[in-house]
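Read the structure below first, then the notes.
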Amino acid sequence: MIHQLSDVQSKSIGENTRVWQFSVILPNARIGCDCNICAHTLIENDVVIGNRVTIKSGVFVWDGITIEDDAFIGPNATFTNDKFPRSKQPFDRSKRTLVNAGASIGAGAVILPGVILGKKCMIGAGAVVTHDIPELAIVIGNPARVIGFINEDPLS
């Protein structure tokens, strides 16, 4: 389902993925199956999104970001693409961001460029992630700091 008020230029969108109104998806973006791309989102060209990913409203996914299967990106979470922004100055496009499988990013969190979010980690709402986050870690604050780890259910 692609809402008629979205601008979807990519032909690489998996089966049963829903794209809601006022979303923009550029031509080279790759999006997996069973995803939910909510309203008011932007997905650039050099982006890979896995299967069963939810991207809530107000999220912009810039070039160089990979989001693996089963990740959750909360409303108005912000990915940044330049650590030292200046108007009309080139920036280091080699900094790639990886959101590993099952990671969850809370509403309004800020993710700096070039970080790796470990599998099934939990980023608290409003956290500012300035460095890599370990697998299963729970982080909060500015800068984000580990406050615990998820006890993984062996049956999941």
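Checked across segment 87-106, the condition of being under 11 Å from the mean Cα position of the chain (by Cα) and within 21 Å of Val8 (Cβ to Cβ) holds for no residue. Would you confirm whether any residue within segment 126-134 is farther than 20 Å from Phe84 by Cβ and surrounded by 19 or more Cβ atoms within 10 Å (Cβ to Cβ)? Taking every residue of segment 126-134 in turn, at least one turns out to be farther than 20 Å from Phe84 by Cβ and surrounded by 19 or more Cβ atoms within 10 Å (Cβ to Cβ). Tell me, please, whether a residue that is assigned to a loop (DSSP other than H, G, I, E, B), small (Gly, Ala, Ser) and surrounded by 17 or more Cβ atoms within 10 Å (Cβ to Cβ) can be found in segment 17-29. Taking every residue of segment 17-29 in turn, at least one turns out to be assigned to a loop (DSSP other than H, G, I, E, B), small (Gly, Ala, Ser) and surrounded by 17 or more Cβ atoms within 10 Å (Cβ to Cβ). Per the conditions (1) without any contact (Cβ under 8 Å) to a residue 24 or more places away in the chain; (2) closer than 30 Å to Leu5 by Cα, the sole criterion not satisfied by His131 is (2).
Of the residues that make up segment 5-16, is at least one touching a residue at least 12 places away in the same chain (Cβ under 8 Å) and under 16 Å from Ile73 (Cα atoms)? Checking segment 5-16: not a single residue is touching a residue at least 12 places away in the same chain (Cβ under 8 Å) and under 16 Å from Ile73 (Cα atoms). With the condition kept exactly as written, say whether any residue in segment 67-84 is surrounded by fewer than 20 Cβ atoms within 10 Å (Cβ to Cβ), free of Cβ contacts under 8 Å to residues at least 12 places away in the same chain and of a type outside the set (D, E, K, R). Yes, because at least one residue in segment 67-84 is surrounded by fewer than 20 Cβ atoms within 10 Å (Cβ to Cβ), free of Cβ contacts under 8 Å to residues at least 12 places away in the same chain and of a type outside the set (D, E, K, R).
Filter segment 71-86 for residues that are under 11 Å from the mean Cα position of the chain (by Cα) and assigned to a loop (DSSP other than H, G, I, E, B) and give the result. Ala71, Gly74, Pro75, Asn76, Ala77, Thr80 - these are the residues of segment 71-86 that are under 11 Å from the mean Cα position of the chain (by Cα) and assigned to a loop (DSSP other than H, G, I, E, B).
Taking segment 85-95 as the range and being under 13 Å from Gly114 (Cα atoms) and loosely packed, with under 15 Cβ neighbours inside 10 Å as the test, the residues that pass are Phe91, Asp92, Arg93, Ser94. Quick check on segment 40-51. Is at least one of its residues of a type outside the set (Ser, Thr, Tyr), without any contact (Cβ under 8 Å) to a residue 24 or more places away in the chain, over 23 Å from Asn81 (Cα atoms) and surrounded by 18 or more Cβ atoms within 10 Å (Cβ to Cβ)? Checking segment 40-51: not a single residue is of a type outside the set (Ser, Thr, Tyr), without any contact (Cβ under 8 Å) to a residue 24 or more places away in the chain, over 23 Å from Asn81 (Cα atoms) and surrounded by 18 or more Cβ atoms within 10 Å (Cβ to Cβ).
Read-outs: derived from the displayed coordinates by stated rules, not from any lab. Keep in mind that this is a model prediction, so the values were computed, not measured. Here Cβ is always computed from backbone atoms with ideal geometry, including for glycine, and neighbour counts include all displayed protein chains.
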